[in-house]
Amino acid sequence: MNIISDFFPSNVYLDIPAQDISLLPFSQRPRERLIEKGPKALSDQELLAIVLNSGIKGKNVSLLASELLEQLESSKDMPTVMELKCLSGLGTSKACTIIAMLELGRRFWGVTGEKIKTPQDIYRIVRHYANRKQERFLSISLNGAHEVIAVRVVTVGLVNRTIVHPREVFADPLSDRCSAICVCHNHPSGDLLPSREDDEVSENLMAAANILGIKFLDHIIFSENSFYSYRSESRLKGLEL
């Protein structure tokens with residue numbers, strides 16, 4: 001009989017926050033469970049314990065994760081570094097790590113369900129890609145209410161009609177069963193004026209969308225400071241946001 005395994009079920013330290021993770025069987029520790037079962041199998045507290053990595057004297061990482069989770073759940077907005085540092089056991093380094101993790105998660109996956117009403121809404125979602133040194137061509141799948149289903153990078157490199165082919169752009173949105181799509185790409189140079197290739201890509205994608213019965217809402221070209229909207233410039237006809 002494995003006394004430790006029998007005494008400590010897999011989630012015991014979630015029920016007893018002061019429990020030292022090192023006393024858990026190796027296979028039941030958060031990091032090992034994430035590797036074996038994936039992040040969805042872990043609780044919020046377990047995920048935070050992995051990010052924090054360690055606690056402090058008198059407060060192990062599971063207890064620190066429990067207290068941090070309570071603070072995050074009570075926060076209406078993204079906490080600041082100073083707010084997190086008020087929690088005993090969180091210094092500047094760990095507070096910055098937590099906030100960076102939360103913001104990165106929001107940028108990549110936290111936009112699901114957001115409603116697109118204007119080109120500004122699209123720009124706000126993709127703006128964090130603007131500082132990439134190479135062009136990223138992105139697709140945004142939307143449901144019938146124009147709520148975001150998913151944001152994906154389709155290609156990396158120069159945007160042209162050969163690389164940005166409709167089959168590549170619409171493959172995932174079709175699997176999403178989306179009703180509408182927006183496409184975007186960054187111009188690392190900062191020059192937002194569309195090129196001839198940009199125009200051709202827009203025309204090809206809009207034609208493909210019409211055949212597939214998917215609304216083509218907009219093509220946004222963006223930089224860190226601003227954006228160009230084909231729809232706002234009346235370059236797309238027949239569909240409304």
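Nothing in this text is a laboratory measurement; each read-out follows from the coordinates by a stated rule. What you see is a predicted model, and the numbers here were worked out from it, not measured in a lab. When we count neighbours, we look across all protein chains shown, and the Cβ atoms used for this are built from the backbone with ideal geometry, even at glycine.
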Item to complete: Run the dipole for the chain about the Cα centre, Lys and Arg Cβ at +1, Asp and Glu Cβ at -1, nothing else charged, and hand back the magnitude in debye, nearest 20.
Response: 200 debye
Worksheet item: Residue-wise, which Karplus ³J(HN,Hα) couplings in Hz belong to segment 130-138, taking 6.51 cos²θ - 1.76 cosθ + 1.60, θ = phi - 60°, and x for glycine or proline?
Response: 5, 8, 5, 6, 10, 5, 10, 9, 10
Fill in: Rounded, prolate or oblate (a/c below 1.5 giving rounded, otherwise prolate when a/b exceeds b/c) for the chain by Cα gyration tensor
prolate
Worksheet item: So how strong a dipole does segment 127-223 carry about its Cα centre when Lys and Arg Cβ are +1 and Asp and Glu Cβ are -1, to the nearest 20 debye?
Response: 260 debye
Worksheet, complete the sentence: Here FRET efficiency (C-beta to C-beta, residue 92 to residue 189, R₀ 45 Å, nearest 0.05) is 0.80
Discussion item. List the residues, sorted by chain then number, that are 5 or more residues from residue 186 or on another chain and whose placed amide H is less than 5 Å from its amide H.
Written reply: 136, 222
Practice prompt. Work out the charge dipole of the chain with +1 on the Cβ of Lys and Arg and -1 on the Cβ of Asp and Glu about the Cα centre, then indicate which of 181, 129, 105 is farthest towards its positive end.
Written response: 129
Discussion item. Only Cα pairs within less than 10 Å get springs; with that Gaussian network setup on the chain, which residue of 231, 152, 167 has the largest fluctuation?
Written reply: 167
